[in-house]
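Take a look at the structure set out below.
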Amino acid sequence: MRVGVLRWSVLVLAVATVVSLTVGPGCFRRQTREPVPPPQPGPAPETTPAEEKRAWPVLQPGLKLIYRDEKTGQETWSEQCAASTLDDKEVIPVVTEDGEYVSYVAEQDGWLVEVGARDPNGRSAWPEPLRCYPLEPAVGMKWESEEEGGILRHEIEAIEEISVPAGEFRTARVVIKVVDPASGKEEAGSEQRFWYDVETGIVVKNGDLVLIKQEQVEPRPDPGLPH
């Protein structure tokens with residue numbers, strides 16, 4: 001069963017304090033400087049970054065995010081596992097405390113996307129990746145995704161500073177509304193909001209869930225694969 005971004009955003013849950021950028025293969029495209037004629041003796045030309053591509057800390061293997069429900073006080077967590085593949089696509093598996101659902105996420109064309117998932121029936125890749133939120137947010141941006149039972153309509157309402165137990169963050173506030181696919185009307189009372197840090201891509205607040213802590217742990221293998 002496909003689970004929408006309402007479930008996914010609780011899954012990835014996301015940013016606490018600004019984490020250090022761990023730059024892996026493919027995070028920067030590089031080119032070699034051409035020597036200036038005539039050639040001069042000396043060390044070989046240096047290789048320098050050409051066009052920088054941001055690496056999202058939210059996709060950092062081993063990132064564990066701990067949240068608290070402001071109403072109940074109950075804590076929960078999500079954890080980014082070691083990089084894996086799903087239908088030949090490089091993904092980061094994200095597992096939650098209950099371990100029943102694994103979300104496979106990646107960065108694609110400037111968006112954080114869910115590529116597929118693992119549930120009790122096994123691993124599945126979606127026909128098209130599910131857009132979760134953009135790398136470069138701007139007020140007024142809108143997007144939709146089709147889910148079981150309706151359409152999820154997203155809009156960035158504001159870029160604002162918020163404070164949670166993990167610290168203060170500059171965030172994009174996203175509202176999600178469920179739309180009836182037959183009538184095209186928004187369902188009453190369906191609004192939900194989450195806030196993600198614009199620098200790291202980590203969700204710091206999702207409804208009543210707030211980020212309280214983040215840790216770096218040894219990345220576990222893809223829990224969706226047999227071990």
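The values are calculated or read from the model by the stated rules, or taken from the named source; none is laboratory data. Since the model is a prediction, treat every value here as computed from it, not as a measurement. Counting neighbours? That spans all protein chains shown, and the Cβs are built from the backbone with ideal geometry, glycine included.
Would you confirm whether any residue within segment 67-77 is closer than 20 Å to residue 201 by Cβ and either at pLDDT below 65 or of a type in the set (A, V, I, L, M, F, W, C) (or both)?
We begin by selecting, within segment 67-77, every residue closer than 20 Å to residue 201 by Cβ; these are 67, 76-77.
Subsequent filtering for residues that are either at pLDDT below 65 or of a type in the set (A, V, I, L, M, F, W, C) (or both) retains 77.
Yes, because at least one residue in segment 67-77 is closer than 20 Å to residue 201 by Cβ and either at pLDDT below 65 or of a type in the set (A, V, I, L, M, F, W, C) (or both).
If only one of 123, 118, 131 is within 25 Å of residue 77 (Cβ to Cβ), in contact with a His (Cβ under 9 Å, 6 or more places away or on another chain) and not hydrophobic (A, V, I, L, M, F, W, C), which one is it? Quick ask: steps written out before the conclusion?
Working: 123 fails: in contact with a His (Cβ under 9 Å, 6 or more places away or on another chain); 118 fails: in contact with a His (Cβ under 9 Å, 6 or more places away or on another chain).
Matching residue, one of 123, 118, 131: 131.
Identify, by number, the condition in (1) in a loop (DSSP other than H, G, I, E, B); (2) without any contact (Cβ under 8 Å) to a residue 40 or more places away in the chain that residue 99 doesn't meet. Exception for residue 99: condition (2). The number of residues in segment 168-227 being outside any strand (DSSP E or B), of a type in the set (A, V, I, L, M, F, W, C) and closer than 24 Å to residue 157 by Cα comes to 3.
For segment 117-133, filtering for residues that are within 10 Å of the chain's Cα centre (by Cα) and crowded, with 20+ Cβ neighbours inside 10 Å leaves 2.
Scanning segment 90-105 for residues that are within 13 Å of residue 122 (Cα to Cα) and modelled with pLDDT of 90 or more, we see that the one that is surrounded by the most Cβ atoms within 10 Å (Cβ to Cβ) is 104.
Filter segment 106-116 down to the residues that are farther than 18 Å from residue 219 by Cα, in contact with a strand residue (DSSP E or B) (Cβ under 7 Å, 6 or more places away or on another chain) and of a type outside the set (S, T, N, Q), then identify the one that is surrounded by the fewest Cβ atoms within 10 Å (Cβ to Cβ). Write out each step before concluding.
Within segment 106-116, the subset farther than 18 Å from residue 219 by Cα is 107-116.
From the residues that got through so far, the ones that are in contact with a strand residue (DSSP E or B) (Cβ under 7 Å, 6 or more places away or on another chain) too are 108, 110-116.
Applying the additional criterion that residues be of a type outside the set (S, T, N, Q) yields 110-116.
Details: 110: 10, 111: 16, 112: 27, 113: 22, 114: 26, 115: 22, 116: 23.
Within segment 106-116, the match that is surrounded by the fewest Cβ atoms within 10 Å (Cβ to Cβ) is 110.
Residue check: is residue 84 touching a residue at least 60 places away in the same chain (Cβ under 8 Å), touching an Asp or Glu at 6+ places or on another chain (Cβ under 6 Å), of a type outside the set (Lys, Arg) and more than 26 Å from residue 198 (Cβ to Cβ)?
On the way: touching a residue at least 60 places away in the same chain (Cβ under 8 Å): yes; touching an Asp or Glu at 6+ places or on another chain (Cβ under 6 Å): yes; of a type outside the set (Lys, Arg): yes; more than 26 Å from residue 198 (Cβ to Cβ): yes.
It is true that residue 84 is touching a residue at least 60 places away in the same chain (Cβ under 8 Å), touching an Asp or Glu at 6+ places or on another chain (Cβ under 6 Å), of a type outside the set (Lys, Arg) and more than 26 Å from residue 198 (Cβ to Cβ).
Of all the numbered requirements in (1) more than 16 Å from residue 113 (Cβ to Cβ); (2) under 13 Å from the mean Cα position of the chain (by Cα); (3) assigned to a strand (DSSP E or B), residue 93 misses one, and that requirement is (1). Based on this model, can you work out whether residue 82 counts as part of a loop (DSSP other than H, G, I, E, B) and touching a Pro at 6+ places or on another chain (Cβ under 7 Å)? Answer is yes for this residue. Consider segment 139-187 and keep the residues that are β-branched (Val, Ile, Thr), surrounded by 14 or more Cβ atoms within 10 Å (Cβ to Cβ) and without any contact (Cβ under 8 Å) to a residue 24 or more places away in the chain. The one that is farthest from residue 201 (Cα to Cα) is 175.
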